[in-house]
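What follows is a set of notes on a single structure, which appears directly below.
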Amino acid sequence: MKVIVLTSLPLAGKTTYAKIYGEKYNIPLFETGTVVLEEVKKRGFDFIPENIKKVTDDCKKISDSYFTERLIEKIDNLDEGIKAVFVSGIRAVSEIEVLKNHFGETNVFIIAFHASLRTRFGRLDNPDRKEGEDSSKAKEDEYLRNFDNFLARNKKELGYGVGSVMALADYVLNTEDKKWPYSNVSRCKKIFEIILLEILG
């Protein structure tokens with residue numbers, strides 16, 4: 001099994017690319033955020049930042065890689081025909097080590113997505129993002145449309161260690177479409193597919 005870790009700060013595009021090419025190449029997407037949501041719901045809490053932080057902190061006391069370990073359980077139960085998965089939401093180097101220990105050093109790849117703070121913030125209002133949003137995602141996006149909240153979310157992600165994971169990337173994709181260095185969506189898709197095909201062999 002090849003594990004392709006997609007890492008970035010919020011709204012750099014990783015989920016968009018995973019959904020497009022996951023469907024094309026039969027690569028399912030696993031997100032730690034889904035496990036967090038499951039844990040929050042299990043405890044009967046509303047999916048709001050305060051509760052997310054409380055549940056995350058509680059689970060991290062059990063294991064620093066708690067959410068990644070839950071994803072591994074899901075991946076291990078996949079049909080044998082699945083040869084690769086996307087994993088998104090990894091925030092600590094220790095979680096990368098857990099993946100490598102389980103799946104093998106040479107089977108884990110990291111792709112980092114980069115775009116400027118203001119560009120990413122502007123993507124909250126993209127029409128395609130608003131289509132088909134579930135209520136929890138819509139609520140989270142509404143919270144992030146306040147720039148101070150968005151800035152705080154970025155700082156929190158960096159505090160968790162996402163910057164260190166991005167620094168370990170095997171591949172880097174620039175999705176900046178507002179400022180230099182400009183990169184349009186069509187070009188980014190081609191580059192991502194080239195990277196993906198190289199990983200898949």
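Structure notes:
- Within the range 154-181, being under 23 Å from Asp64 (Cβ atoms), open to solvent by 50 Å² or more (accessible area, probe 1.4 Å) and not aromatic (Phe, Trp, Tyr) holds for Lys155, Lys156, Leu158, Gly159, Ser164, Ala167, Leu168, Asp170.
- For Asn184: the one exception among (1) exposed (fewer than 13 other Cβ atoms within 10 Å of the Cβ); (2) closer than 30 Å to Val40 by Cα: (2)
- Taking the range 45-70 as the range and being out of contact with any Cys (no Cβ under 7 Å at 6 or more places or on another chain) and either farther than 22 Å from Glu140 by Cα or aromatic (Phe, Trp, Tyr) (or both) as the test, the residues that pass are Phe45, Phe47, Lys61, Ile62, Ser63, Asp64, Ser65, Glu69, Arg70.
- Against the list (1) under 24 Å from Ser183 (Cα atoms); (2) modelled with pLDDT of 95 or more; (3) surrounded by fewer than 17 Cβ atoms within 10 Å (Cβ to Cβ), the condition Asp148 fails is (1).
- Here Phe113 meets the list (1) in contact with a helix residue (DSSP H, G or I) (Cβ under 6 Å, 6 or more places away or on another chain); (2) more than 22 Å from Leu151 (Cα to Cα); (3) not charged (D, E, K, R) almost entirely, failing just condition (2).
- Positions within the range 169-193 being among the aliphatic types (A, V, I, L, M) and either assigned to a loop (DSSP other than H, G, I, E, B) or closer than 23 Å to Ile96 by Cα (or both), in sequence order: Ala169, Val172, Leu173
The values are calculated or read from the model by the stated rules, or taken from the named source; none is laboratory data. From a predicted model like this one, the values you see are computed outputs, not experimental measurements. Virtual Cβ from ideal backbone geometry, glycine too; neighbours counted across all protein chains shown. To get the accessible areas, we keep the full protein, side chains included, count just its heavy atoms, and leave off ligands, DNA and RNA. Shrake-Rupley method; radii C 1.70, N 1.55, O 1.52, S 1.80 Å.
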